[in-house]
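Chemist: Quick one: the structure is below, and I'll ask about it shortly.
The values are calculated or read from the model by the stated rules, or taken from the named source; none is laboratory data. What you are looking at is a predicted structure, and each value in this text was computed from that prediction instead of being measured. Every residue, glycine among them, receives a Cβ derived from its backbone with ideal geometry; neighbour counts consider all protein chains shown. Keep in mind that these areas ignore ligands, DNA and RNA; they rest on the heavy atoms of the full protein, side chains included. Shrake-Rupley method; radii C 1.70, N 1.55, O 1.52, S 1.80 Å.
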Amino acid sequence: MTQTTQAVVIGGGQAGLAAGYQLRRLGVDFVILDAQTQAGGAWRHAWDSLHLFSPAAYSSLPGRLMPIQTGEAYPAARHVVDYLTDYERRYNLPVHRPVRVEGVHRNGRLLRVEADAGTWRAEAVVSATGTWWRPFVPAVPGRSAFGGRQLHTVEYRSPRDFAGQRAIVVGGGNSGAQIAADLAYDAEPTWVTQRPPRFLADDIDGRALFDAATARRRALDEGRTDTGGVASLGDIVAVQPVRDARDAGALKASPMFVRLDRGGARWADGTRADADVIIWCTGFRPALSHLAPLGLRGQHGHIAVEGTRSVDEPRLHLLGYGDWTGPASATLIGVGRPARDAARTVADLVL
Ligand code: FAD
C-alpha cells in the first residue's frame, strides 16, 4: 500500500501532535505515524511516581491549556497522557498507530517513508520520534561481569520492585535524583554521580528553566552572547520527593565507581559496595535510526539543522529531541514555537 500526501510526521508524542496542530491550521494535508498502540508518547512509559517539574499552566501545547490536576501542584505523568489523548482527539489529528517507520528515503521530488504498515510518499517529513526509545548506558569496565540485574530509567517503574535490595543508582540528572529518592525508603540505594550533584534552588521549578531557555533563544536571535540557557542554573530540579529525601539525609551522592565486578561496584580508593541491581539513569540519545538512509548523521549523532530544518535535506524537519532543534524543544511548553516554525516552512514548501 503506497499513499501520497503533502507531509508525514513521524512520531505521535507531544512534538508530533504540536506539529500536527500547526499543519492543520495552515491547511497542509498530512498524516502522523506513531509506533505506539495508544496516545501519550513516552509519558505512558514513565515510572509510577513521575510528576512534571512545572505546573499545568506551564506545560501546555499550542491551542489548549493543560487542565489542572486536582490535588496536584505538579501534574502526574498519567495526567499528561490524558491531556495528549484529549488533544489529539479534540483537534482530530490523523494519527495512524501502531505504525513504525523503518526508513526515510529520497525518491526524486518526494521523500518515501517506509513503515511496517505501508509506504507514504510526501513532499516534506517532520521527524519527532523523541529519545526515550534509545536509552544510553555508558561503557564501564566490568559491566558485563556484574552478576545482578541491570536496567535503565526506561524500565524502572516502582520502588516496590526493589524492596530490600541493594541498588546502585547511576546518574546526576533529574532521573537519577528522582529514582534514588523514590527508592530511598524501600531499598538501600547508593546514588553515584560523575560530579557532585547540582540542585537548583528549592524555589525554582520548570518555569525558571523555560524562562532561561527563552532568554537564551532571544539572545541567540539578537546575536548576543549565549546565556547558557538551563544548564547555567543547575542539573536537578528539587521537586518535593527529592527535597524530602535530601532533607531526611537519604539522598547523598557518592562519586562514580571505577568498575563493576560480579558482586557490585568498586571505587578508585579501594572501597566497594555489594549490589543486587544497578539502575542506569544515564540519559538518552535521539531515536533517529529511521533517517539513516538519508545519510545525514553529523556530530554527536545529531543531524545538522537550521532551526528545525535539516541543512542537507531541506524537506526534512526535526522536532523535540533536545535544545539542538530549538531551545526547550524537548519540553511540553517549549515545543510550541519550533513546531509552528517547522509547520510554516513545510506549508511554504508544499502549498
Ligand atoms: P516522545 O514522547 O518520546 O514521543 C515520540 C513518539 O514517536 C513515541 O510515541 C514513539 O513511539 C514514536 N516513535 C519513535 N520512533 C518511531 C518510529 N520509527 N516510527 C514511528 N513512531 C516512532 N518535559 C516537560 O515539559 N516537563 C517535565 O516535567 C518533563 N519531565 C521529564 C521527565 C523525564 C524522566 C524525561 C525523560 C523527560 C521529561 N520531559 C519533561 C521532557 C519531554 O517532555 C519528554 O521527554 C517528552 O516525552 C518528549 O516528547 P516527544 O514527543 O519529543 O517524544
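Chemist: Out of all DSSP beta bridges with both ends in segment 99-240, state the antiparallel percent to the nearest 5. Provide the component values of the computation, followed by the final result.
Modeler: Numbers: 11 of 15 bridges.
Restricted to segment 99-240, the bridges split so that about 75 percent are antiparallel.
Chemist: Among 335, 140, 154, which one moves the most in a GNM of the chain with springs linking Cα atoms closer than 10 Å?
Modeler: Answer for the Gaussian network model of the chain: 140.
Chemist: Still on this model: Under the rule of at least 5 residues apart or a separate chain, name every residue whose amide H is placed under 5 Å from the amide H of residue 150.
Modeler: Here 278 satisfy the definition.
Chemist: If you plug each phi of segment 198-212 into the Karplus form 6.51 cos²θ - 1.76 cosθ + 1.60 with θ = phi - 60°, what whole-Hz ³J(HN,Hα) values come out, in order, with x for Gly and Pro?
Modeler: Karplus values, whole Hz, x for Gly and Pro: 10, 7, 6, 3, 4, 8, 9, 10, x, 4, 5, 5, 5, 4, 5.
Chemist: Note down the magnitude of the dipole of segment 273-322 about its Cα centre, charges +1 on Lys and Arg C-beta and -1 on Asp and Glu C-beta and zero elsewhere, to the nearest 20 debye.
Modeler: Roughly 280 debye, rounded to the nearest 20.
Chemist: Shifting gears a bit: Taking amide H positions as placed in the peptide plane 1.01 Å from N, state which residues far from residue 259 in sequence (5 or more) or on other chains have amide H under 5 Å from it.
Modeler: HN-HN under 5 Å from residue 259: 266.
Chemist: In addition: Rounding to the nearest 20 debye, state how big the charge dipole of segment 39-196 is about its Cα centre with +1 on each Lys and Arg Cβ and -1 on each Asp and Glu Cβ.
Modeler: That gives segment 39-196 a dipole magnitude of about 520 debye.
Chemist: Continuing with the same structure: For the chain, give the magnitude of the charge dipole about the Cα centre (Cβ charges: +1 Lys/Arg, -1 Asp/Glu; no others), in debye to the nearest 20. Please report the intermediate quantities before stating the final value.
Modeler: Values: 40 positive and 36 negative charges, 126 e Å.
The calculated dipole for the chain is roughly 600 debye.
Chemist: With just the Cα atoms defining each centre, how far is segment 49-78 from segment 110-169? Give it in Å.
Modeler: Between the Cα centres of segment 49-78 and segment 110-169 lies a distance of 24 Å.
Chemist: Please list 161, 261, 235 in order of solvent-accessible area, largest first, computed with a 1.4 Å probe with all protein chains present.
Modeler: Result of the area sort, largest leading: 161, 235, 261.
Chemist: So what is the accessible area of the chain per residue, in Å², with the probe set to 1.4 Å? Mind dumping the intermediate values first?
Modeler: Working: 15860 Å² over 351 residues.
In whole numbers, the chain has 45 Å² accessible per residue.
Chemist: All other residues with a Cβ under 15 Å from the Cβ of residue 86 taken together, and with Lys, Arg as +1 and Asp, Glu as -1, what is their net charge?
Modeler: Taking every Cβ under 15 Å from that of residue 86, the sum is +3.
Chemist: How much of the pair distance distribution for the chain lies past 39 Å, counting alpha-carbon pairs only, in percent?
Modeler: Within the chain, distances greater than 39 Å cover 18 percent of Cα pairs.
Chemist: If you don't mind, there's one more thing I want to ask. Hey, in the GNM for the chain with a 10 angstrom Cα cutoff, which one of 145, 57, 117 fluctuates hardest?
Modeler: Checking each option, the largest mean-square fluctuation is seen for 145.
Chemist: Of 327, 279, 111, which is farthest towards the positive pole of the chain's charge dipole, taken about the Cα centre with +1 and -1 on the beta-carbons of Lys, Arg and Asp, Glu respectively?
Modeler: 111
Chemist: I want the local charge near residue 123. Using Cβ-Cβ distances under 13 Å, sum +1 for each Lys or Arg and -1 for each Asp or Glu among the other residues.
Modeler: +2
Chemist: Further, regarding this structure: Just to verify a number: what accessible area does residue 188 come out at with the full protein assembly present, 1.4 Å probe, Å² rounded to tens?
Modeler: 120
Chemist: Antiparallel as a % of all DSSP beta bridges within segment 1-124, to the nearest 5? Spell out each step's value before the answer.
Modeler: Values: 13 of 24 bridges.
Around 55 percent of the beta bridges assigned by DSSP in segment 1-124 are antiparallel ones.
Chemist: In segment 151-306, what % of DSSP beta bridges are antiparallel (nearest 5)?
Modeler: Details: 6 of 19 bridges.
Around 30 percent antiparallel, to the nearest 5.
Chemist: Okay, moving on. Can you work out the FRET efficiency for the pair residue 262 and residue 195, with r the C-beta to C-beta distance and R0 = 30 Å, to the nearest 0.05?
Modeler: Efficiency, from the Cβ-Cβ distance: 0.60.
Chemist: May I ask for the distance between the Cα centers of segment 333-351 and segment 172-221, given as a whole number of Å?
Modeler: The distance from the Cα centre of segment 333-351 to that of segment 172-221 comes to 30 Å.
Chemist: Counting only helical runs of four or more DSSP H residues, what would the 222 nm mean residue ellipticity of the chain come to if each run contributes -39,500 (n - 2.57) and the total is spread over all its residues?
Modeler: Result for the chain: -7000 deg cm²/dmol, rounded to the nearest 500.
Chemist: Name the most mobile residue of 271, 119, 131, meaning the one with the largest mean-square fluctuation, in a Gaussian network model of the chain with Cα contacts below 10 Å.
Modeler: Comparing 271, 119, 131 in the GNM, the peak value goes to 271.
Chemist: Would you mind counting up the charge near residue 261? Only other residues with Cβ under 12 Å from its Cβ, with Lys and Arg at +1 and Asp and Glu at -1.
Modeler: My count for the surroundings of residue 261 gives +4.
Chemist: Now for a different question. Mind pulling the angle between the C-alpha long axis of helix 174-183 and the longest principal axis of the chain? Nearest 10 degrees, somewhere in 0 to 90.
Modeler: The angle comes out at about 50 degrees.
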